[in-house]
1. Examine segment 103-110 for a residue that is surrounded by fewer than 17 Cβ atoms within 10 Å (Cβ to Cβ) and in contact with a Ser or Thr (Cβ under 9 Å, 6 or more places away or on another chain), and state whether such a residue exists.
2. Residue pairs, Cβ under 6 Å, 6 or more apart or interchain, first in segment 37-62 and closer than 24 Å to F307 by Cα, second among the acidic types (D, E) and buried (at least 19 other Cβ atoms within 10 Å of the Cβ). List them.
3. I'm checking my understanding of the structure. Among residues of segment 29-78 that are open to solvent by less than 10 Å² (accessible area, probe 1.4 Å) and aromatic (F, W, Y), which one is nearest to G124 (Cα to Cα)?
4. Checking I280 against (1) of a type in the set (A, V, I, L, M, F, W, C); (2) assigned to a helix (DSSP H, G or I); (3) modelled with pLDDT under 80, only one condition comes out false. Which one?
5. Where the second residue is loosely packed, with under 14 Cβ neighbours inside 10 Å and in a helix (DSSP H, G or I) and the first is on the phi < 0 side of the Ramachandran plot and in contact (Cβ under 8 Å) with a residue 40 or more places away in the chain and lies in segment 234-253, which pairs have Cβ atoms under 6 Å and are six or more apart or on separate chains?
6. Sort through D174, D218 and tell me the only one that's closer than 16 Å to Q306 by Cα and charged (D, E, K, R).
7. Checking V100 against (1) open to solvent by 30 Å² or more (accessible area, probe 1.4 Å); (2) under 17 Å from V38 (Cβ atoms); (3) aliphatic (A, V, I, L, M); (4) free of Cβ contacts under 8 Å to residues at least 40 places away in the same chain, which test does it fail?
8. Consider R15 against the criteria (1) farther than 22 Å from S200 by Cβ; (2) in contact with a helix residue (DSSP H, G or I) (Cβ under 7 Å, 6 or more places away or on another chain): it satisfies all of them except one. Which criterion is unmet?
Amino acid sequence: MDFGVVMQCNPPASRVVELAVSAENRGFSHVWTFDSHVLWQEPNVIYSQILAATRNVTVGPMVTNPLTRDATVTASTFATLNSMFGNRTVCGIGRGDSAVRVLSGKPSTLATLRESIDVIKELGNGRSATINGTTVRFPWAGKSRLDVYGAGYGPKALEMIGQVADGFILQLADPAIVRWTVERVKQAAEAAGRDPAAVSIVVAAPAYVGDDLDHQRDQCRWFGGMVGNHVADLVDKYGGDGAQVPSALTDYIKNRQGYDYNEHGRVGNSHTAFVPDEIIDRFCILGPPERHVERLEELHALGVDQFAVYLQHDGKDTTLDAYGETIIPALAPTVAARS
């Protein structure tokens, strides 16, 4: 199992770079960031600084979107970074959440997302793509290699991701929901004639190592609110009876009352009081190191290839230290045995 960190691009950018270096030194292989250019600083600029300050980590957005980022520009950005620093980028992409909604926009259609994934994959790997009837290619990007991972929760999004994406990003760590989503992604890949094992699975969620569970829950309650925005869309589309989307994912938003995207991803977000402790315990990984190891072993057994730690809490450094010193080494023998 690989390990990543997910950060907001809060100023100063030097702190984001510092945490990226710290993560690499502790055994993490990936550094992801939010991509909401209004709420935080511009991630594509910061990626170049992270790559310059590190040796091996792969960087990319969790996640970008096809509305505020033109697909050809996204592909060019990562192909350029690959040319400068070696093939050390990955592109996570979804329909668009905070970057779009903070501007009063709506997420893209799945058709638009699918088209963008195709364009970014082709151009980012030095191949040709057809756009508006015109075939284009980056003549300078022949050596670039770029995987594109799709993020989503609903049945149709999971099907599309399994059909076309290199990987799947699920933003929560509840084993029951991981099992349900991964099965659908893999089934869609197989039905499309792809090797299901070739679709990488990334689970991303807040992880906080320590003993004060009440404090950890309060620090991570924002995550239940963030996921709740996507769940609300699913309930609008599929209903909340559990027929098409598990009740384990949808039931908790019944008392949700709006959301202010200017507080998105913020500890103490005033619009997340509806999120119960039980959801935080399921969606996140909290507690002492042994609890993290236990949950991660369960996720790995479900086919998860990478766990990415959201570092939006007041225990960033202590959590990175605990993962580097205790949790990642503890998992290495188990992962090797099952690989």
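The values are calculated or read from the model by the stated rules, or taken from the named source; none is laboratory data. Nothing here was measured: the structure is a model prediction, and the numbers come from that model. FYI the Cβ positions are ideal-geometry reconstructions off the backbone, even for glycines, and counts take in every protein chain you see. These accessible areas exclude ligands, DNA and RNA; they are computed on the full protein's heavy atoms, side chains included. Shrake-Rupley method; radii C 1.70, N 1.55, O 1.52, S 1.80 Å.
1. Yes, because at least one residue in segment 103-110 is surrounded by fewer than 17 Cβ atoms within 10 Å (Cβ to Cβ) and in contact with a Ser or Thr (Cβ under 9 Å, 6 or more places away or on another chain).
2. From segment 37-62, the pairs are P43/D35; T54/E24; V57/E24; P61/D35.
3. F78
4. The number of the failed condition is (3).
5. A248/A176
6. D174
7. (1)
8. The number of the failed condition is (2).
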